[in-house]
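As C-alpha cells, the structure follows; a few thoughts come after it.
All of the numbers you see were taken from the coordinates with simple rules; none came from a lab. A quick note: this is a predicted structure, and the numbers were derived from the prediction, not measured. When we count neighbours, we look across all protein chains shown, and the Cβ atoms used for this are built from the backbone with ideal geometry, even at glycine.
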C-alpha cells in the first residue's frame, strides 16, 4: 500500500530511512527534518503489517520556465530499507509519485539521481548540467592577481548565527548586504531557460542549509554594490566553490585572489573545485599556463508528467519572444507509465485573434478532421527537446523522433533550440 505521511511516528521512520540510505551527518539530518521535511509530502510504501519499507519526499518549489512560473516537485530522500530492495517496491512508489504529480497539475517533476539508469527506465532525462573545474591550489600562483585592479573590492561573508539570526527578519535587519546579495543572485539565475524561483525566503533557507553543511556564502562588494557572489565549502583536502556568479573580470579575479589567500592560510586544502553553470565564460578568463581539469557534469534529471501543460507553456513562451505566424500542429506522444500523456496533441495558434489552444484528441477525431501528424516522440525524447538540451535538427538526424510531415519543419527548427538551464540545489 502506498500513502502519504500523517503521524510523528511516520516522520521518525522517514528519518531512520534517511540515515539508513544516506551518509549525511546526524546534525544535518536533524536540520533537514526540523526545517525542510514535511510529513504530508512523504510518500511511502507499507506492507500488510503497516511497516514502512520504502519512501521518498516530494518537496515543493516554484519552477521558472522561461518566465512562466509553475509549481514543481523535487524528489529527494528516495530509498528503500536494504532487506526490501530489488523487490519492485520502489518502482511502484516512483510510478505513484509520477501519477500524483499529474494529479496536482504539475508540468514535470525533478530529482538528483544517485543511479541515473534506474530513473531513465521511468522516463527521466538529464536536463541541467554543470561545468566543473578542478585544479591544485598551487596553480593560483600562475595567475598574476597583483596586476588586477581590485583595490576597491571587498569579499564579505554572509555569516549565519542560529543564536543571533534565527529568522529571516532579524537576518535581513542585521546584515546590510542581504538584499543586494539576494537581488544579484536572483538576477543572475533568472537569465536561464529553466531554474527555480528565488525569493528572500528561499534564499534565506539556502543560507540556513549552507550553514549546516559548514559552508559560507560570500558577497563581492565594489563601491557599495554587489558585483559577485559565491559559496565556499570545505571537505577533506578540497575547497568547493559553488553558486559562483560574477559581473566582470575584476570581480572574477578578486574571487580568485580571495581563494588564493584562503588556501595559503589553510595549506591542508590542496585541491580546489569550482562549479559554474554550463556555457560560463570562466574558461576564457584562465591563462594557458593555468593547469586545470574541466568536466561537464550532468546534475538534474527531469520528467514531464503533464504533456499538455508542458507543450502549452513551451509554445506560449516561444510566441511571446518570437514573431510567429499562425500555425496548427499535431504531435504524437508515447508514455509507458502515464497513459494520460499517450496520444495526439492538437496545437493551434491564431495570430489574427491571438490565442493558443491545445487539446488531446482521439485517432477518430484526427481522421474526421483530416489532420496530419507532424511528428511522433517518446516522453524520453520530448523532455530534453522541450528543455533545450537537444535541438530539433539533431534529434531528427539521430532518428529519435519520427517526422511524419515536414509542413511545420521550420517552426520546429526555430522553436526547439538549445538552451541553458541552471538549478543547483540539493533539498
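Can you say what percent of the DSSP beta bridges in segment 309-413, counting only those with both residues inside, are antiparallel? Round to 5. Restricted to segment 309-413, the bridges split so that about 80 percent are antiparallel. How high is the relative contact order of the chain, given as a whole-number percent (alpha carbon pairs under 8 Å, six or more residues apart)? Across the chain, relative contact order equals 18 percent.
As a ratio to 2.2 N^0.38 Å, the alpha-carbon radius of gyration for segment 305-415 is 1.01.
As a test, work out the antiparallel percent of DSSP beta bridges whose residues both lie in the chain, rounded to the nearest 5.
Around 90 percent of the beta bridges assigned by DSSP in the chain are antiparallel ones.
With the alpha-carbon atoms of the chain aligned to their principal axes, the span from lowest to highest coordinate is 75, 59, 40 Å, starting with the largest. Seen from every direction in turn and averaged, the convex hull around the alpha carbons of segment 131-300 projects onto 10.2 nm². For the pair residue 142 and residue 25, a Förster radius of 35 Å applied to the C-beta separation gives a FRET efficiency near 0.45, rounded to the nearest 0.05. Each listed q (0.13, 0.18, 0.21, 0.24 Å⁻¹) maps to a log10 I(q)/I(0) for segment 176-249 from the Debye sum over equal C-alpha point scatterers, namely -0.40, -0.75, -0.99, -1.21.
Taking a ≥ b ≥ c as the square roots of the eigenvalues of the Cα gyration tensor, an a/c ratio of 1.5 or more together with a/b larger than b/c marks segment 38-149 as prolate. Which residue, 410, 226, 307, has the most motion in a Gaussian network model of the chain that connects Cα atoms within less than 10 Å? Taking springs between Cα atoms under 10 Å, the residue moving most is 410.
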